[in-house]
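Notes to accompany the following structure.
The values are calculated or read from the model by the stated rules, or taken from the named source; none is laboratory data. Values in this document were obtained by computation on a predicted structure and should not be read as measured data. FYI the Cβ positions are ideal-geometry reconstructions off the backbone, even for glycines, and counts take in every protein chain you see.
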Amino acid sequence: MSTRLRLFVLWVGAVGLGLLIAIAIWRLPGFGHYPGPYGDMLNSLAPYERQVTNVVTAINFDYRALDTLGEEFILFAAVSGLVLLLRGKRGESAGEPPNPPDERALVPRSDALRWASLGFIAVINLFGSYMVLHGHLTPGGGFQGGAILGIASILVYVAFDYRSYRKTTPKEWIEVVEAIGAGSYALVGLGAIFAGGAFLQNVLPLGERGHLFSGGTIPLINFAVGLEVAAGFALLFLEFLEETRTPKPEDIES
Amino acid sequence: MNALQVVMFLLVAAGGTLTVLTRDPLRQALIFSLYGLLMTILFVVIKAGDVALSELAVGAAATPLMLLAAIASVRNPDE
């Protein structure tokens, strides 16, 4: 293909795409003018139908709970895939870990960093737990709270050293917690079937709006997602940080 | 659209451009974190609290942390 023809194809494509984007933007609803009926309907119905004050959580974990189940397993599959990829080389045997924490160089931390991180660990853990438990009442929920808790785990590494980090974030437990979190979501759905409802139907008593124990299965699913996401993020960081070791001769392929 | 929202949209656009134009991966990870923080504030000023919290945890903290770990693992320690 000659340069002129290439340029011609480029310009046809660019002008065509530009036109399509211009038309799409032209037909967009105005800023802040939501056109569909469903959001407004749920906004006014969900607090009474499900006794929750955070409609977003009600949509995620009740009205569209099946979609969220799929999303949760996307995260689960992504974390599992990463673990498989990174551990492939290091081996799966339960013997000596491929990079014992004791072999890591001790990088000194300044007092300012150490004390600031230490303070943040407490506050962030508290905030994350609050968010997981109050997902159906205030903004946030299992996903956000779980991500915050997962990040808190790595602050131990920032504040102290790799050895303390591996002690406070034991890999064997984290893996189990992640699996329990992912599985419990599906189990809550199956439980609804055994209770005589449809899969993931909200069969538990709804309680009183604004209370911690309200919303039926919503806080349960929320908690399961919180466990899964917190453990998933912690596992991601663990696996990535294992890769930051100084390579030994047998780690490097010829 | 009020003035605060306009300012945040412009800042997010600037932050995104700055992230793309930064070539050093280490700096890029830190600027990406700043961009995540700007996105968080944008979501707050358009009243999307749940999304803002997700963006704060994932965009401003988790992704840059993972990038930092990845950069640390591929960097030559002797450099």
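Checking the structure you have, find out if any residue of region A:155-165 is touching a helix residue (DSSP H, G or I) at 6+ places or on another chain (Cβ under 9 Å), under 23 Å from residue B:54 (Cβ atoms) and within 12 Å of another protein chain (Cβ to nearest Cβ). Yes, there is a match, as at least one residue in region A:155-165 is touching a helix residue (DSSP H, G or I) at 6+ places or on another chain (Cβ under 9 Å), under 23 Å from residue B:54 (Cβ atoms) and within 12 Å of another protein chain (Cβ to nearest Cβ). Answer yes or no as to whether residue A:220 is on the phi < 0 side of the Ramachandran plot, part of a helix (DSSP H, G or I) and within 14 Å of another protein chain (Cβ to nearest Cβ). It is false that residue A:220 is on the phi < 0 side of the Ramachandran plot, part of a helix (DSSP H, G or I) and within 14 Å of another protein chain (Cβ to nearest Cβ). Within region B:55-71, being small (Gly, Ala, Ser) and facing chain A (nearest Cβ under 7 Å) holds for B:57, B:61, B:62, B:69, B:70.
Only a single item in (1) modelled with pLDDT under 90; (2) assigned to a loop (DSSP other than H, G, I, E, B); (3) in contact with a Pro (Cβ under 9 Å, 6 or more places away or on another chain) is not met by residue A:106, and it is number (3).
A Cβ distance below 7 Å, combined with a sequence gap of six or more or placement on separate chains, defines the contacts here; from region B:39-54, residues that are without any contact (Cβ under 8 Å) to a residue 12 or more places away in the chain and at the interface with chain A (Cβ under 8 Å from one of its Cβ atoms) reach residues that are among the hydrophobic types (A, V, I, L, M, F, W, C) and assigned to a helix (DSSP H, G or I) in the pairs B:50/A:56; B:54/A:143. Pairing each residue of region A:140-156 that is surrounded by fewer than 24 Cβ atoms within 10 Å (Cβ to Cβ) with any residue that is not in a helix (DSSP H, G or I), provided the two are 6+ apart or on different chains, yields C-beta distances under 6 Å for A:153/A:169. For region A:199-214, state whether one or more residues are surrounded by 14 or more Cβ atoms within 10 Å (Cβ to Cβ) and in a helix (DSSP H, G or I). No, the conditions are met nowhere in region A:199-214.
From the list B:13, B:69, pick out the single residue that is surrounded by fewer than 18 Cβ atoms within 10 Å (Cβ to Cβ) and small (Gly, Ala, Ser). Only one candidate qualifies: B:13. If only residues of region A:24-41 that are surrounded by 10 or more Cβ atoms within 10 Å (Cβ to Cβ) and more than 14 Å from chain B (Cβ to nearest Cβ) are counted, the one that is farthest from residue A:54 (Cα to Cα) is A:38. Among the residues making up region A:155-175, those that are among the charged types (D, E, K, R), in a helix (DSSP H, G or I) and under 13 Å from residue A:241 (Cα atoms) are A:163, A:166, A:171.
Close Cβ contacts (under 7 Å, 6 or more residues apart or on different chains) running from residues in region A:159-184 that are free of Cβ contacts under 8 Å to residues at least 60 places away in the same chain to residues that are crowded, with 17+ Cβ neighbours inside 10 Å and among the β-branched types (Val, Ile, Thr) comprise A:159/A:121; A:164/A:156; A:168/A:156; A:181/A:225.
So that you can scan it fast, the table gives a plain yes or no per residue for (1) of a type in the set (A, V, I, L, M); (2) at pLDDT 95 or above:
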| residue | (1), (2) |
| --- | --- |
| A:5 | yes, no |
| A:13 | no, yes |
| A:37 | no, no |
| A:52 | yes, no |
| A:62 | no, no |
| A:83 | yes, no |
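I'd like to know if region A:62-82 contains one or more residues that are outside any helix (DSSP H, G or I), within 14 Å of chain B (Cβ to nearest Cβ), more than 30 Å from residue B:3 (Cβ to Cβ) and in contact (Cβ under 8 Å) with a residue 40 or more places away in the chain. Scanning region A:62-82, I find no residue that is outside any helix (DSSP H, G or I), within 14 Å of chain B (Cβ to nearest Cβ), more than 30 Å from residue B:3 (Cβ to Cβ) and in contact (Cβ under 8 Å) with a residue 40 or more places away in the chain, so the answer is no. Residue A:63 meets the conditions (1) over 30 Å from residue A:213 (Cβ atoms); (2) surrounded by 10 or more Cβ atoms within 10 Å (Cβ to Cβ); (3) not hydrophobic (A, V, I, L, M, F, W, C) in every case but one. The failed one is (1).
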